[in-house]
Amino acid sequence: LAKTTQPISMDSYEGQEVNITCSHNNIATNDYITWYQQFPSQGPRFIIQGYKTKVTNEVASLFIPADRKSSTLSLPRVSLSDTAVYYCLVARGGNAGNMLTFGGGTRLMVKP
Amino acid sequence: GAVVSQHPSWVICKSGTSVKIECRSLDFQATTMFWYRQFPKQSLMLMATSNEGSKATYEQGVEKDKFLINHASLTLSTLTVTSAHPEDSSFYICSAPDASSTDTQYFGPGTRLTVL
């Protein structure tokens, strides 16, 4: 399983765009990149998943460069409710039965 | 996305008693489910992989006789913490992969266990 490295914490203000970068230098050809959000005392919630280039959904965008050794989660115009821990995970795609290994995550604090 | 539920959401028990936590996939079938433990301010740690119809696979350092896992059906896995002690107090989370979606796993809301 590819190891991931993320900043431990980030601060932002309401209305700003937040970009959280994750390094995964040992990502394998079949690996997908998935981001989860976790609020205190709740289970992680799926945000977005991608393999290469750019993926966008209603809550976030995921940018993956050509070498796939890193990825950036972009949260447009954050609000106070986006304060949470964000986890970047890399796991083999094509088989949803693979276990996920969580790194330390990034603790995002959104201030008014 | 798919929905995974857990029951109970929280439980307080006396030291030495056993506690059962249920994990259900509500709108899909899961031949595999995963159990995690999370201590305050820490990340999730995988405890075991629950396999329907076969024995669970435990991660190194996790006592299989203490954390009993039963994957009774394609929508239900249970984790029983036997002879619980205060050090077992933690947040227990299960996840289940949706085979129709590439490597997307859905997590339950978690169960807060407090052992007195």
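Every number here is computed from the coordinates shown, using simple stated rules; none is lab data. The model shown is predicted, which means the values in this text are computed figures rather than measured ones. As a convention, Cβ positions derive from the backbone with ideal geometry for all residues, glycine included, and neighbour counts pool all protein chains shown.
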Sum of side-chain charges, residue A:68 neighbourhood, beta-carbon under 10 Å (Lys, Arg +1; Asp, Glu -1): 0
Neighbour cut-off at most 11 other Cβ (10 Å), DSSP loop, GluC sites (Glu not before Pro), segment A:1-87: A:17, A:58
Trypsin sites (Lys or Arg not before Pro) restricted to DSSP loop in segment B:11-72 with at most 16 other C-beta within 10 Å: B:14, B:41, B:55, B:64, B:66
Whichever aspartates and glutamates have a C-alpha closer than 15 Å to that of residue A:69, once near sequence neighbours (fewer than 8 apart) are set aside: A:31
Over chain A, relative contact order from alpha-carbon pairs under 8 Å, at least 6 apart, %: 37 percent
Mean separation of Cα contacts under 8 Å, 6 or more apart, over the residue count of chain B: relative contact order %: 36 percent
Environment charge at residue B:70 (Cβ cut-off 15 Å; Lys +1, Arg +1, Asp -1, Glu -1): +2
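Need one value for B:39-49: mean number of C-beta atoms belonging to other chains within 10 Å of its residues' C-beta atoms.
Taking all residues of B:39-49 together, the mean is 3.
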Assigned charges on the beta-carbon of Lys, Arg, Asp, Glu; chain A dipole about Cα centre (debye): 260 debye
